[in-house]
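Here's the structure, in structure tokens; my notes come after.
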Amino acid sequence: MGRFLFVVPPLAGHTNPTVSVGHELGRRGHAVAWTGHPEVVPDLIGPGARFLPVDDAVPAEVVAAVAERSSGLRGPAALRFLWRDVLMPLARTMTPGVEQAVDGFAPDVLVVDQQALAGAAVAERRGLPWATSATTSAELTDPLATMGRVGEWVRGLMVDYLHEAGLTRRAADAIDPRFSPHLLVAFTTAALVGPLPMPDHYALVGPSFAGRHDPTPFPWEWLRSGTPLVLVSLGTLNWQDGARFFARAVEALEGMDAQGVVVAPPDLVERVPANVLVRPRVPQLTLLPRTSAVISHGGHNTVCEALAHGLPLVVAPIRDDQPIIAEQVVAAGAGVRVRFGRVGADGLRAALDTVMGDPSYRRGAERVQRSFTEAGGAPAAAERLEGLLGRRAAGAASRGAIRKGTATWN
């Protein structure tokens, strides 16, 4: 049996997919632990899961940066801000804690989220096999490669960080901490992302959410049997941008023979009609089987969870990978796209009428749903991760042979 350490950032959407995979590995007899920030990760991985904290808290400058980032940044400006003010400070402050977690847990394999660069740095420096956990399909190819000077600038930030973390400059320049050379596990399928060329060590396993712990309360008695339900969510990081959008969504739902659940702080929505419920959090995976359609910003987890239930989407992307994912939904025939900053109540209502009234969108969502089921989810991811244990054993044997002076080189 092996020992697997998951390295995750303080982001629910990047931690949640690892939970089912970790529990599946544990069910198979492996030792499993997570490392990350204590005010975010333990509540997500559930009671009884082993957790090794990094710093005591998410750095204050990162918290401030995430809040500031919601104030209208788009395109290259948003990308620069993300890397300079969020991901690089997280990497530097997480590195000592990841080192301590590796010392304390002695993993055979690290499973590293694409935005937890410290995990890749520590694994490379220590010669440990590591797998990438890709929670967004937008990063299956390297989007920075097509971004000219901005991409070069980000690449320079990564190389500098890896060098600071203990790699030689040559070694730092030879790897990309977003893409493991051993295994990349992506929680999607080709039915959604399209026919992209991918290396053999990329495993598209579909969503991973079986058995996820979510004790969020919900007034189930409010739902009316036989009435279509629409879920409106901008995820956990984008709701601060949503006052105008939420208001338009509520107006759209008020004129429909449907109920709506809007995931937002109640004080962000001024007027709430009788057929709309506003909640700061919902048990999304439990609610989706009762849902007819989803309005989303294009966050990968919400999109995949909706499609895993065969639900069509209205997608209103804001920034980052969201426009790419929105286009994937449209290309799959599983939804329509609207403009986040410009769509009105009439436009949202028309989009909902389209995806709920035209059965082709439901059929498109169900095609993706079938591909998710066939891909295998958490068990398929666990099986691919188990394959790295042999690499770990072979590496240890090779190092032992070198120490004894018996290794030969061609």
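It is to be established whether one or more residues within region 165-187 are of a type in the set (Phe, Trp, Tyr), in contact (Cβ under 8 Å) with a residue 40 or more places away in the chain and part of a helix (DSSP H, G or I).
No, region 165-187 contains no residue that is of a type in the set (Phe, Trp, Tyr), in contact (Cβ under 8 Å) with a residue 40 or more places away in the chain and part of a helix (DSSP H, G or I).
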Region 1-42, residues that are under 17 Å from the mean Cα position of the chain (by Cα), assigned to a helix (DSSP H, G or I) and of a type in the set (Gly, Ala, Ser): ALA12, GLY13, SER20, GLY22
Sole residue being surrounded by fewer than 21 Cβ atoms within 10 Å (Cβ to Cβ), in contact (Cβ under 8 Å) with a residue 60 or more places away in the chain and of a type in the set (Ser, Thr, Tyr), chosen from THR302, THR354, THR291: THR291
Top-ranked residue in region 306-325 [being modelled with pLDDT of 95 or more and surrounded by 24 or more Cβ atoms within 10 Å (Cβ to Cβ); ranked as farthest from ALA78 (Cα to Cα)]: LEU311
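Just to be sure, is PRO207 in a loop (DSSP other than H, G, I, E, B), touching a residue at least 12 places away in the same chain (Cβ under 8 Å), buried (at least 21 other Cβ atoms within 10 Å of the Cβ) and touching an Asp or Glu at 6+ places or on another chain (Cβ under 8 Å)?
Yes.
The values are calculated or read from the model by the stated rules, or taken from the named source; none is laboratory data. These figures come from a predicted structure and were not determined experimentally. Cβ atoms come from the backbone with ideal geometry, glycine included; neighbour counts cover every protein chain shown.
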